[in-house]
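Undergrad: One structure, as structure tokens, below. Some questions next.
Readers should treat all values here as calculations from the given coordinates under stated rules, not as data from a laboratory. Just so it is clear, the structure is predicted and the values come from calculations on it, not from any experiment. Every residue, glycine as well, gets a Cβ built from its backbone with ideal geometry; the counts of neighbours run over all protein chains shown.
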Amino acid sequence: MTLQKPDLHVLTVWRLRLLLVAILPSFLSAYFAPHIGLVWWVFTAAWIFAFLGFYIFYYPIKYRKLAYSVNEKCLLIHCGVIYTRVKAIPLTSVQYVSIATTPLQRLFGICSLIVFTAGSNAYIPGLAPDKADELRDLLTPVLPDGGEEPA
Amino acid sequence: MRTHPISIAAFLYRFLFLLLIPVGRGFITALTGGLLAWLRGAWIDLIVVAVILALAYAKWDQFKYHMDSSGIYFTIGIFFKRNSFIPMQKISTFSILRPFWFKPFHLVKVRIDTIAGDPGKADLSLYLRADEAGRLMRLHGAAHEQQASPGISAEYRPPVLGVVFLSLFTSNSFLGIVFVATFISQAGQILGEQLSELLFATFQELARQIAISLPLLTAGFLAIRLPPIAAGVAIALLGGWLVAFLLNLLQTKNLRVQRKNDRLRISGGILVEKDYSLRTGDISFVDIRQSLVTRTLRLYSVFVNAIGIGKDKSDIAAIIPFSTKSRAMRQLGLLLPEYCSTPRQLRPNGGAIFKFIIDPLWPCLLIPAATFLGIWLLPNWAEILRFAGFMLSLPAFWFLGVRLMDFFSSGVSRSGKHYTLRYSNLYYLHTVVFSYDKIALVNIRQSILQRGDNKCDLVVSTRAEGRMRHHIRNIGWDETVALFEAQDAWAPADAGIPNWYERIFQRALAVWNRRTAGRKDGSKR
């Protein structure tokens, strides 16, 4: 499989999730605004700064660096924001695979793939359901006799 | 078949939570009624105790097993029954543990482990008569004999000195102190408070005497007058270490390692006799472990990490306790020829030294600085501060030494299917050998600072029931990707058109590289 990018909708999902998270600090800032002190100004500035940082920089970089592929030996996940990472999971180590969706992901028609191995696991967000199914079938093939895959 | 009735005692603890009922009742009656009110309801407590005993008995009664050449079947549960079957070929480790207190009853504990299940405990534990456990072990051995292709056969009995050295270097003062403190406290409860008070008073007196006589004993070599509290700490650490050493020695004495075809059998121990039979294919990795002292003395200890070994603190994971390099490698070659280390192919560059020493460098600088500052601010506390500063600096400088050794020896190599990783983790230097199919995850990561010279850190998680990570610092990105066959048509530089913020960063990096190169050229001229 050549290098694949997740669905662009995942960026929207992350940003919406961030907006939901921002509700609490914005409420706190608004509620305490009439009796505002220096601490609340600092608090408000800090969360707005963090929010903008995530919205403008972090998530776009995260999306841009996120990619996956499967070669003849392993599943490769390219990711990382501060660190550039390549995660390689040997196909022989894959125990099972789960496809998970959240309400926000369902709204945009995407899902996440979680790969469980003995001793570790990996996560690919923002896959279209058919891509996720295809990847799952590739990682955990069903043999005709239902037996084990030869080592 | 049923297990030994002693299992009832083992099952009791699962129902001990029911004792919360009498405790709660006692608490409520203490607040509302009195002794008479509590006595009137004592029948509830008796019923609870009877229920606990009955449930433990029922659990034992319902727990049945049957083992034949195909595997082990077992049924467990009173209300929620569970029938399980572990196929013989899925059993990674079959262990028999014989604590000395079980010997009069001819009783043993059998542990059966597979790659699945809770990493913290065995998939199946049984209390059986020794002869029955022996029968199961033979059955297990025979089943694997049929499947295995005949080949390697070797045996190793390390000399007593090797086991003593192993215990010497792997003993932990803290564990010993915990053991002694628990022992004294329990002895006080059983034999009266006077005994524990007597022990503590003796300890105080000993600390005081040592504090007074240390400068005399060392003929002025240790000129500092040791405060009694520091002498007390030193005695506690030394005593704790001695106890831990003895416990370790009793756990690993009579060590014997046998290899027959695809099975490795490890046995030994005095207090608890242990006998493990494991499939060599299920060994996650072989770990050649060295401390700063043993590296300097060129001594090697070899450990195995496998499913079902190391779940209990008393488990024996060492196969070669202590030996010189040539002997250790020869024995390893005989016992596990698949897991022999190979010379480094990838190693950190010279400029990476700072990345290695940065962690211990801070405590090495800050502890002495804080000590001098403390002495300057509190001159009356000078002696105790000097001693505390010295004691705290020791592990920091030790750590620095380990990291320096790590810098000169760390790296990665590959020979066929097997990888050798050399790295350090806290105070130990590890040389780890494993096969490709034991890798759970390869994480190759590159920080912003490593982009300039295209280096990376490698973190390999090996397949085990728990998480085992091996971290190698600052090796070449491209070579690492190639070595672990993680290439595809993508590398960080080809990630696409850089965004404007990344373009700024890359331009700054290019300027920095140009300047560094210019400076290097200037110095050469």
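Undergrad: Using 0.36 nm per residue of separation minus the Cα-Cα distance, give me the extension gain between B:Ala369 and B:Ala30 in nm, one decimal. Could you put the intermediate results ahead of the total?
TA: Details: separation 339, 0.36 × 339 = 122.04 nm, distance 5.60 nm.
Stretched out fully, the B:Ala369 to B:Ala30 stretch lengthens by 116.4 nm.
Undergrad: In addition: Multiply the residue gap between B:Glu205 and B:Phe354 by 0.36 nm, knock off their C-alpha separation, and tell me the result in nm, one decimal place.
TA: Full extension from B:Glu205 to B:Phe354 adds 48.9 nm.
Undergrad: What distance in nm separates the two pseudo spin-label positions at B:Lys103 and B:Asp453, each 7 Å out from Cα along the beta-carbon direction?
TA: Calculated label separation equals 5.9 nm.
Undergrad: Testing the spin-label approximation: label points 7 Å from Cα along Cα→Cβ at B:Arg256 and A:Ile56. State their distance in nm.
TA: Output for this residue pair reads 7.3 nm.
Undergrad: As I understand it, the dipole of region B:260-343 uses +1 on the Cβ of Lys and Arg and -1 on the Cβ of Asp and Glu, about the Cα centre. Which of B:Leu332, B:Leu278, B:Leu299 lies farthest toward its positive end?
TA: B:Leu299
Undergrad: Ok, one more. Sequence neighbours fewer than 8 away in the same chain don't count; with that in mind, list the lysines whose C-alpha is under 21 Å from B:Lys81.
TA: B:Lys59, B:Lys64, B:Lys121
Undergrad: Another question, if that's okay. Taking 0.36 nm per intervening residue step and subtracting the Cα-Cα distance, what contour gain separates B:Tyr57 from B:Arg2 on full extension?
TA: Full-extension gain reported as 18.6 nm.
Undergrad: Show me, for region B:249-260, the HN-Hα J-couplings you get by feeding each phi into the Karplus relation (A = 6.51, B = -1.76, C = 1.60, θ = phi - 60°), rounded to Hz, glycine and proline as x.
TA: For region B:249-260, the Karplus curve yields 4, 5, 7, 10, 4, 6, 5, 9, 10, 10, 10, 9 Hz.
Undergrad: What nm distance separates the two modelled labels at B:Leu378 and A:Trp41, each placed 7 Å from Cα along Cα→Cβ?
TA: The modelled label-to-label distance comes out at 4.0 nm.
Undergrad: Could you calculate the FRET efficiency of B:Arg330 with B:Leu297 from 1/(1 + (r/R0)^6), where r is the beta carbon distance between them and R0 is 22 Å, rounded to 0.05?
TA: E(calc), rounded to 0.05, equals 0.75.
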